[in-house]
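Down below is the structure, laid out as structure tokens.
The values are calculated or read from the model by the stated rules, or taken from the named source; none is laboratory data. Here the structure is a predicted model, which means the values were calculated and not measured. Ideal geometry is used to build each Cβ from the backbone, glycine not excepted, and the neighbour counts take in all protein chains shown.
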Amino acid sequence: MTETYDLAIVGGGIMGCSTALRLAEDGMKTIVLDQGDLGQGASGVNAGTLSLQIKRVQLMPYALKGHSEWEAMGEAVGFKKTGGFTLAFTEHEAELLYERQALKADAGAPITFVSNNALRAAEQNLSHKVLAASYCPEDGYANSSLTGQYYRLRLKENEVQFREKCNVKLITRNSSGFNLTTSCGTVHATRLLLAAGAWLKPIAAHLGVDLPVRARVNTVSVTERMPPLISSIVGHATGLLTMKQKSNGTILIGGGWQGQGVPQDGRGNVTAKTLIPNLSLAQHVLPELSNARVTRSWVGFEANVPDFYPLAGALPGIENAFVLGCVRGGYTIGPYMGRLMGDYILGQEPELPLFDPGREFSEV
Amino acid sequence: MIETCDVAIIGAGPAGANAGIMAASQGCHTIIIDEQAMPGGQIWRAKSEAIKSAPMTPEIIDGDKLRVSIAESNLTHIANARVWQIERELDEWVLHFIINGRSEKIGAKVLILATGAREYVQPTPGWTLPGVIGLAGATALMKRDLLTPGKRTVVSGTGPLVFFVASEIRRLGGEVAAIVTPNSRADWLRALPSMSYRIDLLRRGFVWVADLLLAGIPIFWRHAIKQIDGETKVQSVKVTKLGNDWSPKGPAHLLEADSVCLGHGLQAASEASQLLGIDVKYQLELGGWVPEVQEDGSTKINGLFICGDGAGIRGAAAAEIQGKLAGLSAAKSIRPEVNSSNSALLNSYRRASRFGMAMTGLSIPRKGFQKLITQETIVCRCESLLRCDIENEIETGAATTNAVKSGSRAGMGPCGGKYCQSTIAKIIADRENQSEEKIAPPTPRPPLRPVSASALSGEFEYTDLQIPKPAPL
């Protein structure tokens, strides 16, 4: 028996689920399909950093809105507003820091530069080799491993249908919409939203659309529980380190060091070639980390397109099909992007402009 | 440049050590890496240097024979080394391991995983009290240090290990309060035909049991520990009768003891196999989830062999022979002139496997056994999560081990889920009315063992860090 919906969403990450929740507000009958469990892709395995200091200048208005979304989601997603420091250790990094953070401050982020004394007063355990530092009181983190649990509960509360371990094998079109052949039956929907993150390219290919989606393979590691060492989130001027100590004492270390693998072949692999410098950089910043044992490292696939701006809007050439994904810093911005996408699908003017998936892409 | 060998083996127990001796004897440059100070694994664990004069046991005699063979071979044995990461680079395996507090690496054309087994201990109310240790843990204490688990010990669990542990405690001067085993005498009688494939091992078992019976040690057949009580350490143990499916049945019986040895069979330590991309399948008769491996240890990945209990619980006797088979096949893949077909070896492997699998069969908890895990029992020790915490997580809709792990943190502590994941899978299966084979283990994550951050990075200069170009502005 074929089930019929107003909209089918392929991909149960933050983008797909938050769009579904927005549409549920207006009573649209929606189903979310995920090949695995909800929120187990990039949404559930990223380092959870919510930092305006590492957001792109042009995305700052979206990131500011994103921060409010996370704050509202609160404890259910492990949200903590801790403030965040970004550190530079060389003249070159200091220049990079001043140039980049000044632009981000101009774009609306409350970022200031702080003296070494102020830094040391706030965080005694950080390296004394810091040359320059910036601070943003809005920064913090949430616990990405709670993403699946959070959206599973929210979708249930809002009576939005979802299917986990449901692999979309084929998408065909007819006069009344889309037929999705899946590993858990056929789903018919008038409209379709592709929100499959790093798996967008093969999904869009079912409809003959070639999206220039690629994936970065970001590494994250976590230590065993440690005594309190840092209270703010800490980053590096190049963006190649994010670090935070969770309330349970574990320290989470990210920064986008590249592992190996492609989304089609599973979950990707950590490689010592990048894990070791990632952890070395973390120890340089926080020397006490050398006493910590790393209990787990993993990678997540972060989708992007050549210009590193989101795909958010109508799927080119396919009526009633939409795409949402490839948002750099998508964890921060995702819940807000889903809201905008929902507005757009409902025919309402989004609060901030979307990002036309049909644009010309130029490499940065 | 790193050192590259023909064959690298992880684990120097019966399987790994024999694989190494065999590969080396066929002219392969072979390196064996092991966590312990001396080869022998858990079963043939060497005594500590301090107590060399203690009486010999069959385990020490077999282990010493093995240690002499390794010493006489061309095998390079790297002791006290902990492999934390394995990668494939072009046609070569690269093994990263911690030794003397630093991360080192070697390359190998062929890799043999002989990572052995770990013990499954079903959570029991009170099992986190000091004084409770695993049956296998107790054997390590007794073999290496000649220490008994306490003054008066209840030895409880499935399969043959309870009898070995109880007789060792007595040999070392401890008191065994009782043996409590879910197996019945009839279970053992049914296993006899398969056990007769290895009369030598069967005979040893008889000696243990005869000794215990002669000493008047109570054996509670078809019983289990219902609860372990004590203020700050074990003081008493409540024991209950079990039904045919091992559900608790009937009133509890109180035993005084200051220590408990507890274990419910062995499971293949398959994290390394899984991380390298070998699929696991559920084979209850081999202890649960096991990697897909041929009899000679070969796998779907060229140059990767898995042997011994890490390929499924067939016991030490089978592991020893499968190690030889894997060593031969590995050698052949390096040196095609090696003759790897050896039907005598294969036949003795099959005989030993029948014995080992009969023991595994006796050790596997039956369906009703998990009813002994009360809602308030700690299931995930690292994160102090109770059975009810896991059930609440399943209640929210988490129906896989990965989803339960993400939502509850079960398995995110230092053990990486090694101790809790089987129990959690059983709880999910029970709640979702599924069979256990439908509940796959969670995605394994490196490092294979927790590693200190300083061991990984060693001494480094900040300016030497190869920092990639910054993210787009």
Filter region A:166-178 for residues that are in a loop (DSSP other than H, G, I, E, B) and under 29 Å from the mean Cα position of the chain (by Cα); the one that is surrounded by the most Cβ atoms within 10 Å (Cβ to Cβ) is A:166
Filtering region A:8-30 for residues that are buried (at least 24 other Cβ atoms within 10 Å of the Cβ) and touching a helix residue (DSSP H, G or I) at 6+ places or on another chain (Cβ under 8 Å) leaves a count of 14
The residue from A:241, A:275 that alone is on the phi < 0 side of the Ramachandran plot and within 19 Å of the chain's Cα centre (by Cα) is A:241
| said: For region B:343-353, check the following and say yes or no: at least one residue is more than 14 Å from chain A (Cβ to nearest Cβ), within 24 Å of residue B:181 (Cβ to Cβ) and either within 21 Å of the chain's Cα centre (by Cα) or of a type outside the set (D, E, K, R) (or both). | reply: yes
Residue B:259 fails exactly one of (1) within 20 Å of the chain's Cα centre (by Cα); (2) surrounded by 20 or more Cβ atoms within 10 Å (Cβ to Cβ), namely (1)
Counting only residues that are surrounded by 22 or more Cβ atoms within 10 Å (Cβ to Cβ) and either over 22 Å from the mean Cα position of the chain (by Cα) or within 30 Å of residue B:256 (Cβ to Cβ) (or both), region B:94-118 contains a total of 2
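Where residues in region A:148-164 are in contact (Cβ under 8 Å) with a residue 24 or more places away in the chain and farther than 20 Å from residue A:196 by Cβ, which of them is nearest to the other protein chains (Cβ to nearest Cβ)?
The initial filter retains those residues of region A:148-164 that are in contact (Cβ under 8 Å) with a residue 24 or more places away in the chain, namely A:148-155, A:158-164.
Those left that are additionally farther than 20 Å from residue A:196 by Cβ: A:149, A:153, A:158-159.
Values: A:149: 4, A:153: 6, A:158: 14, A:159: 14 Å.
My answer is A:149.
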The condition from (1) under 22 Å from residue B:269 (Cβ atoms); (2) at the interface with chain A (Cβ under 7 Å from one of its Cβ atoms); (3) surrounded by fewer than 23 Cβ atoms within 10 Å (Cβ to Cβ) that residue B:473 misses is numbered (1)
Residue hits (region B:370-381; in a loop (DSSP other than H, G, I, E, B) and in contact with a strand residue (DSSP E or B) (Cβ under 9 Å, 6 or more places away or on another chain)) are B:373, B:374, B:375, B:376, B:377
Reported set for region B:427-448 where residues are more than 12 Å from every other protein chain (Cβ to nearest Cβ), among the aliphatic types (A, V, I, L, M) and touching a residue at least 40 places away in the same chain (Cβ under 8 Å) is B:427
Among strands (runs of 3 or more DSSP E) completely within region A:273-340, the ones holding 2 or more residues that are in contact (Cβ under 8 Å) with a residue 40 or more places away in the chain, among the aromatic types (Phe, Trp, Tyr) and within 27 Å of residue A:52 (Cβ to Cβ) are A:293-304
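Any idea how many residues of region B:427-441 are at negative phi and surrounded by fewer than 20 Cβ atoms within 10 Å (Cβ to Cβ)?
Here is the first cut: in region B:427-441, the residues at negative phi are B:427-432, B:434-441.
Next, from what is left, pick out any that are surrounded by fewer than 20 Cβ atoms within 10 Å (Cβ to Cβ): B:429-432, B:434-438, B:440.
So the answer is 10.
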Has region B:449-463 got at least one residue that is over 28 Å from the mean Cα position of the chain (by Cα), of a type outside the set (Ser, Thr, Tyr) and facing chain A (nearest Cβ under 7 Å)?
yes
Reported set for region A:127-147 where residues are within 14 Å of another protein chain (Cβ to nearest Cβ), assigned to a loop (DSSP other than H, G, I, E, B) and either crowded, with 19+ Cβ neighbours inside 10 Å or not polar (S, T, N, Q) (or both) is A:128, A:129, A:130, A:131, A:142, A:143
Exactly one of B:170, B:144, B:152, B:203 is free of Cβ contacts under 8 Å to residues at least 40 places away in the same chain and out of contact with any Gly (no Cβ under 7 Å at 6 or more places or on another chain), and that one is B:203
**Request:** Kindly establish whether residue A:181 is away from every other protein chain (no Cβ under 14 Å), touching a residue at least 12 places away in the same chain (Cβ under 8 Å) and not in a loop (DSSP other than H, G, I, E, B).
**Result:** yes
When restricted to A:268, A:235, A:256, A:300, the only residue buried (at least 22 other Cβ atoms within 10 Å of the Cβ), at pLDDT below 95 and closer than 29 Å to residue A:136 by Cβ is A:256
Only one of (1) among the small types (Gly, Ala, Ser); (2) within 12 Å of chain B (Cβ to nearest Cβ); (3) under 21 Å from the mean Cα position of the chain (by Cα) does not apply to residue A:249, and that is (3)
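Can you pull out every residue in region B:192-248 that is over 30 Å from residue B:59 (Cα atoms), basic (Lys, Arg) and exposed (fewer than 15 other Cβ atoms within 10 Å of the Cβ)? Before you say what the answer is, go through the steps one by one.
Quick first cut of region B:192-248, residues over 30 Å from residue B:59 (Cα atoms) only: B:226-233, B:235-248.
In the following step, the residues that additionally are basic (Lys, Arg) were identified as B:226, B:233, B:238, B:241.
Answer for region B:192-248, where residues must be over 30 Å from residue B:59 (Cα atoms), basic (Lys, Arg) and exposed (fewer than 15 other Cβ atoms within 10 Å of the Cβ): just B:233.
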Check your understanding: Does residue B:443 count as of a type outside the set (A, V, I, L, M), at pLDDT below 95 and out of contact with any His (no Cβ under 8 Å at 6 or more places or on another chain)?
Key -> yes
Residues in region A:261-299 that are facing chain B (nearest Cβ under 8 Å) and not small (Gly, Ala, Ser) total 18
Within region B:400-426, of all residues that are polar (S, T, N, Q) and without any contact (Cβ under 8 Å) to a residue 60 or more places away in the chain, the one farthest from the other protein chains (Cβ to nearest Cβ) is B:421
Residue B:367 meets each of (1) within 25 Å of residue B:191 (Cα to Cα); (2) at pLDDT 95 or above with one exception, condition (2)
